[in-house]
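Asks: Before I ask anything, here is the structure I am working with.
Computed from the coordinates by the stated procedures, all read-outs in this text should not be read as laboratory data. Bear in mind that the values here come from a model prediction, so they are computed numbers and not experimental data. Methodologically, a virtual Cβ is constructed for each residue, glycine included, from the backbone with ideal geometry; neighbour enumeration extends over all protein chains shown.
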Amino acid sequence: MEFASEIVVKATISGLRIVEVPTILSPDGRDRPSHLPSWHDGWRYLRLLLLFSPRWLFLYPGAVIFLVGLTGTLMLFTGGVVLGGIEFAEHTMVITAAAVNVGFEAMLFWVIANTIAIRRGLLPRDAGLQTLR
C-alpha cells in the first residue's frame with residue numbers, strides 16, 4: 001500500500017501528470033473476512049505522508065505555537081490579565097514562554113527535516129529554505 005502512495009506523492013512533487021484508469025472489479029470470492037491489520041497499515045500510511053510534508057508537520061504548527069506563546073507573553077508583561085473571572089499572571093507567563101521555546105524548536109526541526117529530505121532526494125529543493133540559509 002505504501003509503495004503505490006509513495007509513487008503518487010513523488011509524481012505530484014515532481015510535477016508529473018497523474019491519470020486514473022477505469023477498471024472493472026470482480027467480487028471477492030473468499031469466505032473469510034480480510035486479515036489486513038487496518039490500524040497498523042493506516043499508521044504506516046500516515047507516517048509516509050508526514051515524511052513527505054515536513055512543512056505541515058513542523059513549520060506551521062510550530063509557527064502557531066510560537067505566535068500564541070509570544071502574544072501571551074507580551075500581554076502578560078504589562079501585568080495580570082483577567083478573562084471571565086480568571087486571572088492570568090506570572091505563573092501563566094512561564095507556560096507562554098515555554099510555548100515560545102517549543103514553537104521555535106519545532107520550526108528549527110522543520111529546517112533539519114527538510115534539509116535531510118532534500119539531501120536524500122525525497123523532496124525537491126525549497127526556495128524558501130534556500131533564502132533562509
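Asks: If you keep only loop residues by DSSP, which trypsin sites (Lys or Arg not before Pro) in region 1-101 have at most 10 other Cβ atoms within 10 Å of their Cβ?
Replies: On the way: sites: 10, 17, 30, 44, 47, 55; in loops: 17, 30.
Loop-located and lightly packed - 17, 30.
Asks: Using θ = phi - 60° and the Karplus form 6.51 cos²θ - 1.76 cosθ + 1.60, what ³J(HN,Hα) does each residue of region 59-71 get, whole Hz, x for Gly and Pro?
Replies: 5, 5, x, x, 5, 5, 4, 4, 5, 5, x, 5, 4
Asks: For residue 35 and residue 6, what is the calculated FRET efficiency with R₀ set at 35 Å and r taken between the beta-carbons, to the nearest 0.05?
Replies: Working: r = 23 Å, r/R0 = 0.67.
Using R0 = 35 Å, I get an efficiency of 0.90.
Asks: What number do you get for region 65-133 when its Cα radius of gyration is normalised by 2.2 N^0.38 Å, N = residues?
Replies: On the way: Rg = 17.5 Å, N = 69, 2.2 N^0.38 = 11.0 Å.
Region 65-133 yields a ratio of 1.59.
Asks: Also, quick follow-up: Residue 58: net charge of surrounding residues, Cβ under 15 Å, Lys/Arg +1, Asp/Glu -1, itself excluded?
Replies: Once positives and negatives cancel, what remains is 0.
Asks: Given the options 12, 73, 23, state which has the largest fluctuation in a GNM of the chain using a 10 Å cut-off (strictly under) for Cα springs.
Replies: Looking only at 12, 73, 23, the biggest GNM fluctuation is shown by 23.
Asks: Convert each backbone phi in region 123-133 into a coupling constant with the Karplus relation 6.51 cos²θ - 1.76 cosθ + 1.60 (shift: θ = phi - 60°), then list the ³J(HN,Hα) values in order as whole Hz, x for Gly and Pro.
Replies: With coefficients 6.51, -1.76 and 1.60, one gets 10, x, 4, 9, 5, x, 5, 5, 5, 5, 5 Hz.
Asks: Stick to Cα atoms and the Kirkwood definition of Rh, then tell me Rg/Rh for the chain.
Replies: Values: Rg = 22.5 Å, Rh = 18.9 Å.
Rg divided by Rh gives 1.19.
Asks: Return the distance in nm (one decimal) between the two label points of a simple spin-label model at residue 98 and residue 115, each offset 7 Å from Cα along Cα→Cβ.
Replies: Placing both labels 7 Å beyond Cα along the Cβ direction yields 2.8 nm.
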